[in-house]
Amino acid sequence: MRMRKKKNGAQRIAACSELLVSDVSALSEPDAIFGASRPLHLEIGCGKGNFACGMAEKYPDTDFIAVERVADVCCAALEKAMQRKENREGDNLRFFIGDAKILGEAMKPHSVDCIYLNFSDPWPKKGHAKRRLTYRSFLEIYRNLLKEDGILKLKTDNDGFFASSLEEFEACGLDVVWQSYDLHSSDKACGNVMTEYEANFSEKGVKIKSAWVKFPDAKEN
Ligand SMILES: C[S@@+](CC[C@H](N)C(=O)[O-])C[C@H]1O[C@@H](n2cnc3c(N)ncnc32)[C@H](O)[C@@H]1O
């Protein structure tokens, strides 16, 4: 996501510190972050935070950590979450600024119930395939993070990214338990919380592709 550099970005992020996991080591103890032991959902590449805010409001008994590697983008998400604070019944939303590739080291194995990949950068060039958040090295991280019955939920506007993701899922022996080439006309449409990209693309008439994926050999320790 491109974004003009924010003026006073560091101060603006600091003003939202109550919603920020600023120490990576804290990610290994989500119960301590939230002061409760509840299902844990992770959004990777949260952008400006609409989905994370919407989900945290809709599911007060689930904890959400939204990860975004671009600090200025996460700043927008944090400020949105601060503004929407009153809408949340639970203290169940945090943001982490960093790259998804460190999550395998930072978090406890098999501690996450659900991972969301929403409108991930498609990296269409073959030479950039390893950067895709559904490339096999990332799938290995998710396999290690997810609980035995955990699930990965993906949404995208991009046909090429969707096709390559489905290929990676198959190559890695994952089970696609549900998929649609038109999420908004599917049986999952009514529970769907839109992201910023999703709203933009669907306004332009682009159909949203989605897949829900399970990892058959993700095992509790
Ligand atoms: C195309 S935007 C989509 C944003 C949002 N999910 C939406 O649907 O509106 C993808 C976002 O993922 C973030 N991102 C890409 N790779 C990432 C990674 N490895 N770790 C964390 N965030 C990442 C980008 O910085 C960008 O903000």
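Bear in mind these aren't lab numbers, they're just calculated from the coordinates by the rules spelled out. From a predicted model like this one, the values you see are computed outputs, not experimental measurements. Using ideal geometry, Cβ is built from the backbone for each residue, glycine included, and neighbour counts are taken over all protein chains shown.
Data overview
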| read-out | value |
| --- | --- |
| Selection status of A26, free of Cβ contacts under 8 Å to residues at least 12 places away in the same chain and more than 16 Å from the ligand (Cβ to nearest atom) | yes |
| Of all residues in the range 114-156 being among the polar types (S, T, N, Q) and part of a helix (DSSP H, G or I), the one that is farthest from the ligand (Cβ to nearest atom) | N144 |
| Cross-chain or 6+ apart pairs with Cβ under 7 Å, the range 186-202 first and more than 16 Å from V73 (Cβ to Cβ), then of a type outside the set (S, T, N, Q) and assigned to a helix (DSSP H, G or I) | A189/L183; N192/L183; V193/F51; V193/G54; V193/M55; V193/K58; S202/H184 |
| Sole exception among (1) more than 20 Å from A56 (Cα to Cα); (2) within 16 Å of the ligand (Cβ to nearest atom) for S180, by number | (2) |
| Residue list for the range 88-139, restricted to those being surrounded by fewer than 17 Cβ atoms within 10 Å (Cβ to Cβ), touching a Gly at 6+ places or on another chain (Cβ under 9 Å) and without any contact (Cβ under 8 Å) to a residue 60 or more places away in the chain | D91, P124 |
| Unique residue being at negative phi, more than 16 Å from the ligand (Cβ to nearest atom) and touching a strand residue (DSSP E or B) at 6+ places or on another chain (Cβ under 7 Å) when the list is I44, I33, I65 | I33 |
